[in-house]
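Beneath this line is the structure, given in structure tokens, with notes to follow.
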Amino acid sequence: MSEQWQPRIVAFFCNWCTYTAADLAGVSRLKYAANTRVIRLMCSGRVDPQFILDALAKGADAVLIGGCHPFDCHYAEGNYKCLRRFQLLKRMLKDMGIEEQRVRLEWISAAEGEKVKRVINEMTETIRALGPLGIPQKFAAWDQEMEAFAAHVEAGEALKTPCSAHAPQQEPAHV
Amino acid sequence: MSKPKVAFYWCASCGGCEETVVDLAEDILGVVEKVDIVLWPVAMDFKYKDIEAMPDKSITATFLNGAIRMTEQEEMARLLRRKSVYLIAYGSCAHLGGIPGLANQFPREQILKFNYEDAPTIPKGEQTRPLTAFTEEGRTTTLPALHNVVRTLDQVVDVDYYVPGCPPTPKITRAAVDALLSGKLPPKGSVIAPDHALCDECSRKDTKPDKWDFVEFKRPHQKLMDEKCFLAQGVVCMGPATRAGCDAVCTEGGMPCTGCFGPTSRVRDQGAKILSSLCSNLAAKEEDEIEATLAGIPDPVGTFYRYGLAKSILRRKINLPAKS
């Protein structure tokens, strides 16, 4: 891809641990890759799998989820809910052709500013190596097969010529 | 005053939706009395060129069932859109992609190769692929071409209303027809069915526990199921993530919901939502225990998007070629 391409990572951080850790990284003046857009949620248990799919479908190259360590959730159970959803979603995303590294879950406590830096840097490099996911471009490429027909039918020419006259060429009959 | 004109058309579908129209039984006579049917390929002999000759917007309503998968279907969808005041996506395939939408997990080439060459029912040496055009003695016959992507009707043309279901029940169909004939139409883009979850009208609702704590999942054929809520028995039921309106015919009949009515208006992606709901209610807390419980759902895409893959957020397996 072009030299300008930079990984775009959407991060969902929980208010009580990981977002606070990101704050700590900030006030500690830790430098890390600027490829991550952080969205603060009250809990990693609030991460609806729809958010992850939506982020990817709208052009994110990867999604990072940060929550409290096991036994540490502010709401007792939220991080476990997140973990269980994550495990099945990861399997489903694999079936849908999305590389496993593109969705990552990390437990980062409020004291672990250093870990925020490490995880974001690591993930940025992993995604840079993988290349763009580019789902919006894929949607556009898939839908190119429809464009010819739109013009044809809107011009009122449908059915005057057989479909195949403007259909993509198909393979030979005998194999 | 002339009667309103109505068309029925089918695309990538099994014919079950056509059955439902017939299942209106004697009510169909009431409908036929009030409308002129101008196109209904399954039952009546009209030609496409008759439709082509009609002025734009001269059909009051077209009920189109089936997903859009071939060039001919796409042409007819566009043509009927132009000729109709209201275009209604009728049934799961037109609404969500339906069962044909599951083909969005495979490249077109693989589908053609298997079905026309590799399937065990095709004798060796007789493998033939359909051609889009064939000329013999100066005459050319044609066939439509297969698209790479299976689409819902609203991914091809503008849709006014949706009638959900695989197939829509006679009750739902009657409600849609009545709304049309009486002019009491909901806002454009509505799904003509109740906007709450199936569990609400399921007779097994009283046995739905307050807390789940799933320890295993079973598929219907792996278990002797009783009268209780399917989820309480560890059987995946799409009820919580599926729109009501079918009178819970499947759960009444002893089978869990598979999700054909699609999600309610508040949910964008039915599969992601049921995944979220089931997983959050697992008992396990350790990764390997969670994995063991989730092993009971071997095919999440086929289970959670049985009817909705084409309409899901990702639409299709992402690494498939646009053209093959």
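Taken together, the values in this text are just the output of simple stated rules run on the coordinates, not laboratory data. Because the structure is predicted, anything quoted here is derived from the model rather than measured. Cβ atoms come from the backbone with ideal geometry, glycine included; neighbour counts cover every protein chain shown.
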At q = 0.16, 0.18, 0.26 Å⁻¹, base-10 log of I(q)/I(0) for the range B:167-240 (Debye sum, equal scatterers on each alpha carbon): -0.72, -0.80, -1.22
Helix B:270-280 vs. chain B, principal-axis angle (Cα, 0 to 90°, nearest 10): 0
Principal-axis tilt of helix B:170-182 within chain B, Cα atoms, nearest 10 degrees: 50
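Got a sec? How would B:20, B:152 order by Cβ neighbour count within 10 Å, fewest to most?
Ranking B:20, B:152 by Cβ neighbours within 10 Å, fewest first, gives B:20, B:152.
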Estimated FRET transfer efficiency when R0 is 25 angstrom, pair residue B:288-residue B:219 (beta carbons, to 0.05): 0.70
Order of B:56, A:143 - criterion: other Cβ atoms within 10 Å of each residue's Cβ, fewest first: B:56, A:143
Sites residue A:40 and residue B:139 - FRET efficiency at Förster radius 60 Å, r taken between beta-carbons, to 0.05: 0.30
Listed residue pairs exceeding 29 Å between alpha carbons, taken from A:58/B:188; B:211/B:317; B:171/B:208; B:49/B:124; B:47/B:113; A:90/A:117: B:211/B:317; B:49/B:124; B:47/B:113
Shielding by partners - mean other protein chain Cβ count within 10 Å, residues of A:77-89: 6
Residues of the range B:147-181 with amide N under 15 Å of a point placed 7 Å along Cα→Cβ from residue B:129: B:147-148
³J(HN,Hα) computed for each position of the range A:31-45 - Karplus, 6.51 cos²θ - 1.76 cosθ + 1.60, integer Hz, glycine/proline x: 9, 9, 3, 8, 8, 9, 9, 8, 10, 8, 10, 5, 7, 5, x
In Hz, Karplus ³J(HN,Hα) per residue of the range B:128-133 (6.51, -1.76, 1.60; θ = phi - 60°; x = Gly, Pro): 9, 9, x, 9, 7, 8
The range A:9-133: proportion of alpha-carbon pairs further apart than 24 angstrom, %: 22
Full-stretch length increase - residue B:323, residue B:210 - with 0.36 nm per residue and alpha-carbon distance subtracted: 35.8 nm
Placed amide H near residue B:70: partners under 5 Å, 5+ positions off or other chain: B:147
Å³ per residue enclosed by the Cα convex hull of the range B:224-324: 140
Exercise: per-residue mean of other protein chain Cβ atoms within 10 Å, B:267-277: 5
Peptide ranges B:114-124, A:18-28 listed from the most packed, as the mean C-beta count within 10 angstrom indicates: A:18-28, B:114-124
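Using only atoms on other chains, find how many Cβ atoms lie within 10 Å of each Cβ of peptide B:143-149 and report the average.
Shielding by partners across B:143-149 averages 5.
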Cut-off 18 Å (backbone N to label point 7 Å along Cα→Cβ of residue A:90), residues of the range B:245-284: B:275-276, B:279-284
Volume per residue of the C-alpha convex hull in the protein assembly as shown, rounded to whole Å³: 188
B:212, A:107, A:5 arranged by Cβ crowding within 10 Å, fewest neighbours leading: A:5, B:212, A:107
Residues whose placed amide H lies under 5 Å from that of residue A:105, excluding near-sequence neighbours: A:65
Highest-MSF residue in chain B out of B:294, B:153, B:80 [GNM, Cα springs under 10 Å]: B:294
Cα-projected label distance for residue B:58 with residue B:277, points at 7 Å along beta-carbon direction, nm: 4.7
Label point distance in nm, residue A:100-residue B:178, each placed 7 Å from Cα along Cα→Cβ: 5.4
Loop trypsin sites (Lys or Arg not before Pro), the range B:15-86, which have at most 12 other Cβ atoms in a 10 Å radius of their Cβ (DSSP): B:47, B:57
Fraction of alpha-carbon pairs over 26 Å apart in chain B - percent: 53
